[in-house]
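Input: a single structure, listed below in structure tokens.
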Amino acid sequence: MIQAAKQPESILKPIQFVDLKAQQDRIRPEIDAAIKRVLDHGAYIMGPEVFELEKQLATFCGVKHAISCANGTDALALGLLAKNVGVGDAVFVPSFTFAATAEVVAWMGATPVFIDSLPGTYNIDPKNLELGIQTAKKVGLHPVGIIPVDLFGQPADYDAIQAVADTYNLWVIADGAQSFGASYKGRKVGNIGDLAITSFFPAKPLGCYGDGGAIFTNDDELASIVKSLRVHGQGSDKYDNVRIGMNGRLDTIQAAILIEKIKIFPEELITRQQIADTYNAHLKDIVQVPLVIADTTSAWAQYTIRLPREVNRAKLMADLKEAGIPTMVYYTKPLHEQTAYRHYFESSRGALPVCEALAKDVLSLPMSGHVELSQLNYICGVLHEKFQ
């Protein structure tokens, strides 16, 4: 039963959009000890914790290789470098996502071709993907790969995407920057696609205290190439560079922090699901709640609803802020409408109505492994009052 929308200050601490402090308080002694170990041994770059973390990440995902790197954007770039993406190539990406996914394609001199979203899951639409591939070929581009994004924590529909990829002989890089910890039909994120990537940005489901990322693959050759590329393309000797690479290494201190945080990660995933279930139960009658496809779990990086068209989102956000409830909009403008990417879209695609609609009516509510039940009741109660 939803409680009245009156904040009981005696039992409710201030609501955080993502509560990182509560998690840190829980494991602060372990984090301090982990950092001290790194300071004591002094191997700040590519120290032993980096390789231990990689082993743990590979085991967690059930994948053969996990290669850490400096951030999620570098992880995407390393994947594209490993796939030799270049000028004239077309890489298919969702328009309704963060810029990094398309950004790295442009870095390579290739063309990001923007694809529409599904209205329920917010993820890339496989049918529109096939249309995008056909359009790209008509304008003289060479289709090479697909980068689906697991938006807000839920894996994209990879069976449908892989079927399209197989038809057109394309590779798939699964962008799991928001979904690490989730699963798709029995496979963990990280064990999907030719390559998969994730981000350890602090606000992600598994985040460090700075920047960090990782690349995953079951392909021995790709793993070897990525390991070389992340350290300037080095060969058997650090001063024998056999390919053009980058400085994409993960700091040892961040690896040490992640080793401690991954210990409590399975428990936090359960809590995130419980929080999402509570939101769903209380809000499904007044807004469109997120759809999670069958046999799939979400890491719930964000809990994102769709508001009815008649609701003034800006006013609602202001009212919620006044009530002590922080909210965010991911994303206010699809990539194909943004200045930096508009010319790519104009040269290769038609209308993308679903993602344009999503940008106008999505709203993300507080989500982490530490949203308390009293806070959830309060948030849902306020929303019900606003919709009366």
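Residues being part of a loop (DSSP other than H, G, I, E, B) and either out of contact with any helix residue (DSSP H, G or I) (no Cβ under 7 Å at 6 or more places or on another chain) or polar (S, T, N, Q) (or both): count how many of those fall in the range 330-349.
Final tally of qualifying residues: 5.
Yes/no matrix, rows are residues, columns are (1) part of a helix (DSSP H, G or I); (2) at pLDDT below 95; (3) touching a Gly at 6+ places or on another chain (Cβ under 7 Å):
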position	(1), (2), (3)
216	no, no, yes
222	yes, no, no
225	yes, no, no
236	no, yes, no
257	yes, no, no
265	yes, no, yes
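For residue 310, work out the one condition from (1) in contact (Cβ under 8 Å) with a residue 24 or more places away in the chain; (2) surrounded by fewer than 17 Cβ atoms within 10 Å (Cβ to Cβ); (3) part of a loop (DSSP other than H, G, I, E, B) it doesn't fulfil.
Single failed check for residue 310: (1).
Residue 87 fails exactly one of the following numbered conditions: (1) of a type in the set (A, V, I, L, M, F, W, C); (2) buried (at least 24 other Cβ atoms within 10 Å of the Cβ); (3) over 21 Å from the mean Cα position of the chain (by Cα). What is the number of that condition?
Only one criterion in (1) of a type in the set (A, V, I, L, M, F, W, C); (2) buried (at least 24 other Cβ atoms within 10 Å of the Cβ); (3) over 21 Å from the mean Cα position of the chain (by Cα) is unmet by residue 87, namely (2).
Can you pull out every residue in the range 338-365 that is free of Cβ contacts under 8 Å to residues at least 24 places away in the same chain and surrounded by 17 or more Cβ atoms within 10 Å (Cβ to Cβ)?
Step one: filter the range 338-365 for residues free of Cβ contacts under 8 Å to residues at least 24 places away in the same chain, giving 339, 342-343, 346, 351, 356.
356 - this is the single residue of the range 338-365 that is free of Cβ contacts under 8 Å to residues at least 24 places away in the same chain and surrounded by 17 or more Cβ atoms within 10 Å (Cβ to Cβ).
Can you confirm whether residue 272 is in contact with a strand residue (DSSP E or B) (Cβ under 9 Å, 6 or more places away or on another chain), closer than 23 Å to residue 202 by Cα and either hydroxyl-bearing (Ser, Thr, Tyr) or not in a helix (DSSP H, G or I) (or both)? First the steps, then the outcome.
Numbers: in contact with a strand residue (DSSP E or B) (Cβ under 9 Å, 6 or more places away or on another chain): yes; closer than 23 Å to residue 202 by Cα: yes; either hydroxyl-bearing (Ser, Thr, Tyr) or not in a helix (DSSP H, G or I) (or both): no.
Against the criterion (in contact with a strand residue (DSSP E or B) (Cβ under 9 Å, 6 or more places away or on another chain), closer than 23 Å to residue 202 by Cα and either hydroxyl-bearing (Ser, Thr, Tyr) or not in a helix (DSSP H, G or I) (or both)), residue 272 does not qualify.
Can you go through 189, 164 and tell me which one is over 16 Å from residue 55 (Cα atoms) and not aromatic (Phe, Trp, Tyr)?
164
Inside the range 137-184, can you point out the residues that are part of a helix (DSSP H, G or I), touching a strand residue (DSSP E or B) at 6+ places or on another chain (Cβ under 7 Å) and of a type in the set (S, T, N, Q)?
162
Please work out which residue is farthest from residue 299 (Cα to Cα), limiting yourself to the range 238-255 and to residues that are part of a helix (DSSP H, G or I) and touching a strand residue (DSSP E or B) at 6+ places or on another chain (Cβ under 9 Å).
Checking each candidate, the answer is 252.
Taking the range 118-144 as the search range and keeping residues that are polar (S, T, N, Q) and touching a residue at least 60 places away in the same chain (Cβ under 8 Å), which one is nearest to residue 162 (Cα to Cα)? Give the steps one after another, and end with the answer.
Kept after step one, since they are polar (S, T, N, Q), are these residues of the range 118-144: 121, 123, 128, 134-135.
Among the residues that remain, those that are also touching a residue at least 60 places away in the same chain (Cβ under 8 Å) are: 121, 128, 135.
Working: 121: 18, 128: 14, 135: 19 Å.
Among residues in the range 118-144 that are polar (S, T, N, Q) and touching a residue at least 60 places away in the same chain (Cβ under 8 Å), the one nearest to residue 162 (Cα to Cα) is 128.
Is the range 288-297 home to any residue that is of a type outside the set (S, T, N, Q), buried (at least 19 other Cβ atoms within 10 Å of the Cβ) and part of a strand (DSSP E or B)?
no
Tell me yes or no: at least one residue of the range 366-377 is crowded, with 16+ Cβ neighbours inside 10 Å, β-branched (Val, Ile, Thr) and touching a residue at least 12 places away in the same chain (Cβ under 8 Å).
Scanning the range 366-377 turns up at least one residue that is crowded, with 16+ Cβ neighbours inside 10 Å, β-branched (Val, Ile, Thr) and touching a residue at least 12 places away in the same chain (Cβ under 8 Å).
The values are calculated or read from the model by the stated rules, or taken from the named source; none is laboratory data. Predicted, not measured: the structure shown is a model, and the values here were computed from it. Please note: Cβ atoms are built from the backbone with ideal geometry, for glycine as well, and neighbour counts cover all protein chains shown.
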